[in-house]
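Chemist: This is the structure I have questions about; it appears just below.
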Amino acid sequence: MTAGTRTKTPSGIARGRLPNAVTLALGRNLRYFREQAGLTQVELAFDAEVERSRISKIERGHINPSLLTLATLCYCLKITLPTLFEGMKETLAPSWKGGELRRSNQAVLVASSEKSRGHR
């Protein structure tokens, strides 16, 4: 990584879209372990105190759940977080390496040479 500063996301840059490879892989794993536990989406949602639609969205890769939500789901499924992520090799590049922005207010790394030329 080169030296630089972080600036607010430039307008007009699209943020990352879901589903992506990581959320899809996570969703497949969650569905697998839920089915192995013999639970429906409704039953898992009730046990984990989340909406059933949230379980569906996680399984389809349409949302990026928090670590605490995942930890609660793992507790209810009687598995560990490492088990939930088992076999996942997907990663996402940071925006400065060509990856998509993950959110609209994400800070963007600007190389020092660009900053000195007045680019932001």
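No value in this document is a laboratory result; all are computed from the given coordinates. Note that the structure is a prediction, hence the values are computed from the model and not measured. Every residue, glycine among them, receives a Cβ derived from its backbone with ideal geometry; neighbour counts consider all protein chains shown.
Chemist: Could you list the GluC sites (Glu not before Pro) in segment 21-120 that lie in coil according to DSSP, counting only those with at most 13 other Cβ atoms within 10 Å of their Cβ?
Modeler: GLU49, GLU51, GLU86, GLU90
Chemist: Taking amide hydrogens as modeled 1.01 Å from N in the peptide plane, which residues meet the under 5 Å criterion relative to LEU101, leaving out close sequence neighbours?
Modeler: Close amide H contacts, sequence-distant or interchain: GLY16.
Chemist: Could you calculate the FRET efficiency of GLU43 with VAL110 from 1/(1 + (r/R0)^6), where r is the beta carbon distance between them and R0 is 35 Å, rounded to 0.05?
Modeler: 0.15
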